[in-house]
Amino acid sequence: MIAIRRPDEIAKIGRSARIVGEALELAGGMVRPGVSTQEINAEIERLIIARGARPSFKGYHGFPASACISVNDVVVHGIPSDRMLEEGDIVSIDVGAYLDGYHGDGAWTFPVGAISTDSQRLMQVTREALEVGIAQARPGQRLGEISHAVQSHVEDHGYSVVRMLVGHGIGSQLHEEPQVPNFGSRRQGPILAAGMVLAIEPMVNAGGLDVYTAKDEWTVLTRDHSRSAHFEHTVAITAEGPQVLTLANGAVGAAGVSPHGARSAGERG
Ligand code: MG
């Protein structure tokens, strides 16, 4: 069953999601050559705790950190470490925060210094795929409209959507029904209704769609070691349309906004 949230519940998810937006903004400001992924994780954790929340991911099925930090061919679930970011890398940072009974979840891919035009394009297409997916999150539509919009945008640009991992409902649990695949037919899935809250999160590979999990049982990599990008927002479905909650400034966002609000984090550096 897909939860329908009351406005006061959506407001609480929004408070958690805003902390996620703030954490992503902070993280984006730290991304540069020579910084370790563990340093970024530590600052994210500090901010979440300073806001009175707790990191949703830490201890989730045993995950050891507050953020998933995934560099280059790591798709998702990278474990922060002493690995230092290098000029030309791309780094995907995924953050969850839990406050007052509700979770928020968001992710953003950042460039490390100057990056190749290929990597810029991968990030841009993935961000756009999130935007076109969010635009379909409206009452009366089938969930498959989101999936189809994301997949079409990605494949029209010659990239692959990851199928092993999907987006999800979010609320009192980090992962709730429904699953939100980034692929599939527009006629599939439940009909969306106002009050549903979804984490929409395209994971896009520059090469093939196949991925595998490393020996640490977390790190998911592309099989062909092509690069991968990941953008995610927590989105409430309202009668007026999609409402992006994972924004640092707490503003009500339309499709296409970065965690910074008007600025686009993906275009830094
Ligand atoms: Mg998620």
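Quick look at the numbers
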read-out	value
Count of the range 192-219 residues which are in contact (Cβ under 8 Å) with a residue 12 or more places away in the chain and touching a Leu at 6+ places or on another chain (Cβ under 7 Å)	7
Of all residues in the range 183-205 being closer than 19 Å to I93 by Cβ and of a type outside the set (A, V, I, L, M, F, W, C), the one that is nearest to the ligand (Cβ to nearest atom)	E201
Residues of the range 207-231 satisfying the condition of being in a strand (DSSP E or B) and either β-branched (V, I, T) or within 22 Å of G88 (Cα to Cα) (or both)	V211, T213, V220, L221, T222, S228, A229, H230
Checking R6 against (1) over 30 Å from L192 (Cα atoms); (2) more than 16 Å from the ligand (Cβ to nearest atom); (3) surrounded by fewer than 19 Cβ atoms within 10 Å (Cβ to Cβ); (4) not aliphatic (A, V, I, L, M), the condition it does not meet	(1)
V162 vs. criteria open to solvent by less than 20 Å² (accessible area, probe 1.4 Å) and more than 16 Å from the ligand (Cβ to nearest atom)	no
Pick from the range 177-206, criterion outside any loop (DSSP other than H, G, I, E, B) and open to solvent by 40 Å² or more (accessible area, probe 1.4 Å), ranking: nearest to L130 (Cα to Cα)	Q179
Residue count for the range 16-32, restricted to those that are more than 10 Å from A248 (Cα to Cα) and open to solvent by 60 Å² or more (accessible area, probe 1.4 Å)	1
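Residue by residue, here is whether (1) crowded, with 18+ Cβ neighbours inside 10 Å; (2) β-branched (V, I, T) holds:
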site: V35; (1), (2): no, yes
site: I49; (1), (2): no, yes
site: H61; (1), (2): no, no
site: C68; (1), (2): yes, no
site: G78; (1), (2): yes, no
site: E87; (1), (2): no, no
site: L99; (1), (2): yes, no
site: Y102; (1), (2): yes, no
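The values are calculated or read from the model by the stated rules, or taken from the named source; none is laboratory data. All values derive from a computational prediction rather than experimental measurement. In this analysis, Cβ positions are derived from the backbone assuming ideal geometry, glycine residues included, and neighbour counts consider all displayed protein chains. Accessible surface areas use protein heavy atoms only, side chains included; no ligands, DNA or RNA. Shrake-Rupley method; radii C 1.70, N 1.55, O 1.52, S 1.80 Å.
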